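Chemist: The structure that follows is given in the form of structure tokens.
The values are calculated or read from the model by the stated rules, or taken from the named source; none is laboratory data. This is a predicted model, so every value here is computed, not measured. So basically every Cβ, Gly included, is an ideal-geometry build from the backbone, and we count neighbours across all protein chains shown.
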Amino acid sequence: MDYTTYTTPLTGRYASKEMQYIFSPEKKFRTWRKLWIALAETEKELGLEITAGQIAELKAFAEDINFAVAEEYERKVRHDVMSHVYAYGDQAVSAKGIIHLGATSCYVGDNTDLLLMKEALLLIRQKLINTLAYLKKFACQYRNLPTLGFTHFQPAQLTTVGKRATLWMQDLVLDLEDLNDCLDRLRLRGAKGTTGTQATYLTLFENDYARVRELDKRVCEKIGEMPPYAVTGQTYSRKVDSKVLNILAGIAQSAHKFTNDLRLLQSLKEMEEPFEKSQIGSSAMAYKRNPMRSERIAALARHVIAGAQNPAMTAAEQWLERTLDDSANKRLAIPEAFLATDAILEIYMNVADGLVVYENVIHSHIMAELPFMATEMILMEGVKRGGDRQVLHEIIRKNSMEAAKTVKIEGKPNDLIERLAVAPEIPMDLEEMKALLEPSNFIGAAVWQVDDFMVEVIDPILERYQMDLGLRGQVMV
């Protein structure tokens with residue numbers, strides 16, 4: 001490792017090797033060569049004078065990329081595509097004259113970008129599915145464990161730990177739907193020529209548009225089993241990049257929201273992310289168990305969300321058939337968004353697989369607030385036993401205010417029930433009131449909602465993608 005040169009933390013600390021390879025130079029330039037082979041093969045099939053020997057020689061060197069030679073050419077010609085055309089021709093000598101025949105640089109550049117984004121989206125989907133699987137296990141395990149619900153981070157009606165987890169899952173389901181829609185609509189640039197008019201191919205095929213159109217279709221089928229976009233300029237529409245990165249930004253939003261919740265709950269000591277035996281939480285405060293994984297997800301998520309603005313601005317700034325001010329931006333924005341999203345899901349899987357729940361703490365928090373929430377039930381029960389609704393309401397209101405002072409000002413336990421039990425106007429004793437304070441009486445349909453959500457939404461997803469299951473999330477450092 002060269003310790004004198006900047007390297008991106010995305011490759012050194014965060015992203016998986018699988019995602020790193022998708023955006024590696026080797027993967028990129030091998031894809032370029034596959035595109036050149038597909039073009040030559042199809043041109044031969046449609047009648048151009050290209051020999052089987054030339055095709056065979058191209059295939060012989062398809063994966064043996066002479067990187068150093070290409071880099072030397074690029075220093076001379078300042079053109080990445082032509083440098084690799086020359087380097088490939090130095091190896092496949094008999095085919096040198098027909099490499100890139102009729103094509104523009106975007107034939108290899110844009111088609112490769114689309115192919116790599118598709119492959120990367122499939123990897124992201126696999127990790128999204130596995131995250132859902134881990135969260136399903138957690139949600140089902142705690143489907144009926146009551147916990148305080150919060151609105152405005154103030155105690156509200158009870159929910160269950162499992163029901164709350166379904167909210168995290170629902171966000172990911174929405175992301176999955178967007179991702180699948182994108183994959184269904186994703187196309188290739190195809191063989192469209194310099195400004196998208198296919199003029200060079202019309203020349204090669206003597207103005208036979210049927211063959212030119214067939215060339216476009218067949219090349220796309222060979223390289224990606226995807227149809228071409230019906231029309232392009234020199235490039236495919238840069239709105240495609242914007243749509244793809246918006247999907248990644250959506251996943252980042254969902255993951256960030258999850259970490260917000262978990263960090264709040266960890267501060268309350270109700271839940272905790274995994275913490276390894278030798279892990280250090282703080283260099284100064286040895287007792288601390290900082291939510292490092294959640295904070296890392298949040299940090300990377302902000303990078304992805306902010307980065308989604310890059311292709312949006314690029315799409316808006318393009319001129320006519322194309323300008324080159326997209327190129328340097330794309331080289332940074334697209335791989336980094338995928339690498340960061342990949343890292344987010346790796347950590348999300350790891351956290352979801354090892355969530356810790358402190359049931360006794362949750363119960364104590366419930367019981368500190370439940371007397372206030374139970375007052376409506378006490379009011380209704382008192383009326384049923386002959387009490388005056390308005391009188392009872394006033395008694396409960398006054399005692400609630402006093403109990404709140406006891407908690408907030410004196411720092412003492414909530415004694416509302418004890419206060420109400422000695423109020424002569426309320427026809428219930430202490431034991432009868434305490435019997436109402438069963439947390440499961442306050443969770444509504446939460447358990448049924450968890451069950452329905454799994455049967456109707458999650459199980460069909462996991463069944464459809466069962467071959468993708470089995471991944472374990474890795475925290476690299």
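Chemist: Looking at (1) touching a Gly at 6+ places or on another chain (Cβ under 9 Å); (2) modelled with pLDDT under 95; (3) part of a helix (DSSP H, G or I); (4) not charged (D, E, K, R), which one does Leu215 not meet, given that it meets all the others?
Modeler: In the conditions (1) touching a Gly at 6+ places or on another chain (Cβ under 9 Å); (2) modelled with pLDDT under 95; (3) part of a helix (DSSP H, G or I); (4) not charged (D, E, K, R), Leu215 misses (2) alone.
Chemist: Okay, moving on. Applying the selection to the range 150-164, what residues are assigned to a strand (DSSP E or B) and closer than 15 Å to Phe258 by Cα?
Modeler: Once the filter is applied, which keeps residues that are assigned to a strand (DSSP E or B) and closer than 15 Å to Phe258 by Cα, the range 150-164 yields only Phe150.
Chemist: Any residue in the range 248-273 that's under 16 Å from Met349 (Cα atoms): show its pairings with residues that are of a type in the set (Lys, Arg) at Cβ separation under 7 Å, as long as the two are six or more apart or on different chains.
Modeler: Glu272/Arg289; Glu273/Arg293
Chemist: Residue by residue through the range 111-125, note down the ones that are in contact with a helix residue (DSSP H, G or I) (Cβ under 7 Å, 6 or more places away or on another chain) and of a type in the set (A, V, I, L, M).
Modeler: Within the range 111-125, Leu115, Leu116, Met117, Ala120, Leu121, Leu123, Ile124 meet the criteria.
Chemist: Can you tell me which of Leu135, Leu202, Leu174, Leu145 is over 30 Å from Trp32 (Cα atoms), surrounded by fewer than 19 Cβ atoms within 10 Å (Cβ to Cβ) and among the aliphatic types (A, V, I, L, M)?
Modeler: The unique qualifying residue is Leu174.
Chemist: Then there's this: Looking at the range 205-230, which of its residues are surrounded by 18 or more Cβ atoms within 10 Å (Cβ to Cβ), out of contact with any strand residue (DSSP E or B) (no Cβ under 9 Å at 6 or more places or on another chain) and in contact (Cβ under 8 Å) with a residue 24 or more places away in the chain?
Modeler: Passing the criteria: Phe205, Arg211, Leu215, Arg218.
Chemist: In addition: Would you check which residues across the range 388-411 are β-branched (Val, Ile, Thr), in contact with an Asp or Glu (Cβ under 8 Å, 6 or more places away or on another chain) and under 16 Å from Glu376 (Cβ atoms) and list them?
Modeler: Val391, Ile395
Chemist: Pick out, from the range 1-71, the helices (runs of 4 or more DSSP H) lying fully within it that include 2 or more residues that are over 30 Å from Arg296 (Cβ atoms) and either of a type in the set (A, V, I, L, M) or out of contact with any helix residue (DSSP H, G or I) (no Cβ under 6 Å at 6 or more places or on another chain) (or both).
Modeler: Because the criterion is at least 2 residues that are over 30 Å from Arg296 (Cβ atoms) and either of a type in the set (A, V, I, L, M) or out of contact with any helix residue (DSSP H, G or I) (no Cβ under 6 Å at 6 or more places or on another chain) (or both), the helices (runs of 4 or more DSSP H) in the range 1-71 that meet it are 25-45, 52-60.
Chemist: Go through the range 296-348 and give me each residue that's over 18 Å from Ala120 (Cα atoms), among the charged types (D, E, K, R) and at pLDDT below 95.
Modeler: Glu317, Glu321, Arg322, Asp325, Asp326
Chemist: Quick check on my filter: what residues within the range 16-60 are under 38 Å from the mean Cα position of the chain (by Cα), buried (at least 16 other Cβ atoms within 10 Å of the Cβ) and free of Cβ contacts under 8 Å to residues at least 24 places away in the same chain?
Modeler: Scanning the range 16-60 gives a single hit, Lys59.
Chemist: In the range 436-443, is there at least one residue being part of a loop (DSSP other than H, G, I, E, B), at pLDDT 90 or above and surrounded by 13 or more Cβ atoms within 10 Å (Cβ to Cβ)?
Modeler: Within the range 436-443, one or more residues are part of a loop (DSSP other than H, G, I, E, B), at pLDDT 90 or above and surrounded by 13 or more Cβ atoms within 10 Å (Cβ to Cβ).
Chemist: Limited to the range 87-128, what total is found for residues that are free of Cβ contacts under 8 Å to residues at least 40 places away in the same chain, more than 39 Å from the chain's Cα centre (by Cα) and surrounded by fewer than 21 Cβ atoms within 10 Å (Cβ to Cβ)?
Modeler: 6
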